[in-house]
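Data block below; observations after.
The values are calculated or read from the model by the stated rules, or taken from the named source; none is laboratory data. Keep in mind the model is a prediction, meaning the values are calculated, not measured. Cβ coordinates were reconstructed from backbone atoms using ideal geometry, including for glycine residues, and neighbour counts include every protein chain displayed.
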């Protein structure tokens, strides 16, 4: 039996300020994880990642991160991705400060 | 302090101009990230979890007030009002924006600073003893040698594409304050039996995933041979070192796999070839550099103010007893300013604190500052009569914590709060340990203790050489912390041993508390430090304190 695919989002960092960004279903880049397109199919994930890579003039280092459907949109699975949605824990800087 | 000559000035400005152009081409889409990445790394610009990070070199940890004020200005104008001092005597800005980085580099160049070779597979910022020029026990000021090595290694055409990064450190006393034996190459200034000054050379030390203590390549290298000898070491590494596997590419592996004797033979062979090509101009340059590092013009003043404050003020006394070190001039002290206030981020200073320290250096301390690899700031030359005034000012700015060398004087890497390589957080762990021991009011009773935390196996937090080391890992998607015991970064260098299974985030501070209470029970008396007790007793009583349940099970 084929391994079950873990849903993904495409994420990267913004070229100019380095902030974490997510690819939406409408080919926008959002700074909010909840806006990301939750991709439930492996082939589509690769396709979306390739699309992101083509956008190199405005982002750095796109990759696929595990995610799960939540109440308000996709939520991160791993703690690293959860930190990326907030910012550092020692200061109120980054996304958490803008919320 | 070294002053740029025309060549240095023109070189740094030209590099900045080139990088500004590269940034422009990245932003307009001419360069891909793949093309741009090595260029930005050559200029110290990383991309971390939440933003870019600019790592600025503070060569051998030496600053004056003008440089420190400029670092503060950059923190305010281009970042979020603070900077992070690192174990490599660098300062890191965590929130620069790419289009502004060229302006930051220009602002650095205005005070003769740069971010060159703070990343990439090159020779990195040359570090040194943070008490250099002031320590009572040094043979000579190690900084001129460090500066010579910096000049030789900056943009050296043969060493811009090494197999891996390469770190030099320079010291000048038997007591090692610069972690010499954890460097790829370390130079210790020594005297031989004839009273001549030369160098003891260590090679192949390093932390990271394969920690190794540096081995002695030569006990005594004549002073005039330093650069050709270092060049021979690098050339042998550059040709012999492995490039098939990133994790086997550091010189420690090359030395380990070939053996120190074979490595020495190859270096000697190479040295014989290149020695004649050094005309001696390097020695003339060293002479000139030495002229940039004069001893301070010491003042003569009565010590009454110091004695009176020491007698009358217990808070000053605690700070003086803890944070002052012996200066080569008896009427002077070396003052360590702790940037490890309990609960704060180790190594971070706000722009306001930077300016206060700059002011204090200018007003009271011969305009000199140092950054230590232990992430503190040093006033290396303070006449004792000025200490009460300095302490009073430090207190007003959260800089008077009396914890130098104690359990809350923790080295911590940025960990997963910032770093893209990290597998777990370091900073909150350090904050919680410091707060807990402050609450227990135990740290002065515990005495000297080096606790070091890394948020991944790369060991930027030097955990391997901590008396207590903590390594943060990702275990099945959860932060988990391994404890190592018995490490030592001094002249008695040792790599700590793993104590046993790791601890969950919430279990870690109680585990450290049990460990310390266990130590207090088994030490002979208050004069036996943690590391001494560990060496005398071995790991068993410490493991028993860490894992009480396992001990009970074994006893049952």
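Annotation: residue B:524 fulfils all but one of (1) part of a helix (DSSP H, G or I); (2) over 26 Å from the mean Cα position of the chain (by Cα); the unmet one is (1).
Among the conditions (1) closer than 23 Å to residue B:93 by Cα; (2) more than 17 Å from the chain's Cα centre (by Cα); (3) part of a loop (DSSP other than H, G, I, E, B), the only one that residue B:492 does not satisfy is (1). For residue B:181, the criteria (1) in a loop (DSSP other than H, G, I, E, B); (2) out of contact with any helix residue (DSSP H, G or I) (no Cβ under 7 Å at 6 or more places or on another chain); (3) within 22 Å of residue B:86 (Cβ to Cβ) hold in every case but one, which is (1). Residue-level check: of (1) surrounded by fewer than 19 Cβ atoms within 10 Å (Cβ to Cβ); (2) away from chain A (no Cβ under 13 Å), residue B:114 misses just (1). Could you tell me whether region B:32-43 includes any residue that is assigned to a loop (DSSP other than H, G, I, E, B) and within 14 Å of chain A (Cβ to nearest Cβ)? Yes, region B:32-43 contains at least one residue that is assigned to a loop (DSSP other than H, G, I, E, B) and within 14 Å of chain A (Cβ to nearest Cβ). So which of B:469, B:486, B:455, B:461 ends up being buried (at least 22 other Cβ atoms within 10 Å of the Cβ), away from every other protein chain (no Cβ under 14 Å), in contact with a strand residue (DSSP E or B) (Cβ under 6 Å, 6 or more places away or on another chain) and free of Cβ contacts under 8 Å to residues at least 60 places away in the same chain? Checking each option against the conditions leaves just B:469. If only residues of region A:65-93 that are buried (at least 19 other Cβ atoms within 10 Å of the Cβ) and in contact (Cβ under 8 Å) with a residue 24 or more places away in the chain are counted, the one that is nearest to the other protein chains (Cβ to nearest Cβ) is A:84.
Quickly run through region B:1-31 and pick out the residues that are within 14 Å of chain A (Cβ to nearest Cβ) and loosely packed, with under 15 Cβ neighbours inside 10 Å. Across region B:1-31, the qualifying residues are B:24, B:25, B:28, B:29, B:30.
Quick one: is residue A:12 assigned to a helix (DSSP H, G or I), under 28 Å from residue B:54 (Cα atoms) and within 12 Å of the chain's Cα centre (by Cα)? Here the answer is no, as residue A:12 does not meet what is asked. May I ask you to list pairs of residues, at least six apart or on different chains, whose Cβ atoms are under 7 Å apart, with the first in region B:47-73 being more than 30 Å from residue A:20 (Cα to Cα) and more than 14 Å from every other protein chain (Cβ to nearest Cβ) and the second being at pLDDT below 95 and surrounded by fewer than 22 Cβ atoms within 10 Å (Cβ to Cβ)? That search, which allows pairs on different chains as well, returns B:62/B:1; B:64/B:1.
Across region B:301-312, the number of residues qualifying as within 33 Å of the chain's Cα centre (by Cα) and exposed (fewer than 12 other Cβ atoms within 10 Å of the Cβ) comes to 0.
Would you check if there is a residue in region B:141-156 being in contact (Cβ under 8 Å) with a residue 24 or more places away in the chain and over 30 Å from residue B:366 (Cβ atoms)? Yes, there is a match, as at least one residue in region B:141-156 is in contact (Cβ under 8 Å) with a residue 24 or more places away in the chain and over 30 Å from residue B:366 (Cβ atoms). Residues of region B:246-261 that are in contact with a helix residue (DSSP H, G or I) (Cβ under 9 Å, 6 or more places away or on another chain) and surrounded by fewer than 16 Cβ atoms within 10 Å (Cβ to Cβ): B:247, B:257. Residue B:204 falls short on exactly one of the conditions (1) in contact with a strand residue (DSSP E or B) (Cβ under 6 Å, 6 or more places away or on another chain); (2) without any contact (Cβ under 8 Å) to a residue 12 or more places away in the chain, and that condition is (2).
The set of residues in region A:46-64 being more than 9 Å from every other protein chain (Cβ to nearest Cβ) and part of a strand (DSSP E or B) consists of A:62, A:63, A:64.
Report whether or not residue A:43 is free of Cβ contacts under 8 Å to residues at least 12 places away in the same chain and more than 11 Å from every other protein chain (Cβ to nearest Cβ). For residue A:43, the condition - free of Cβ contacts under 8 Å to residues at least 12 places away in the same chain and more than 11 Å from every other protein chain (Cβ to nearest Cβ) - is met.
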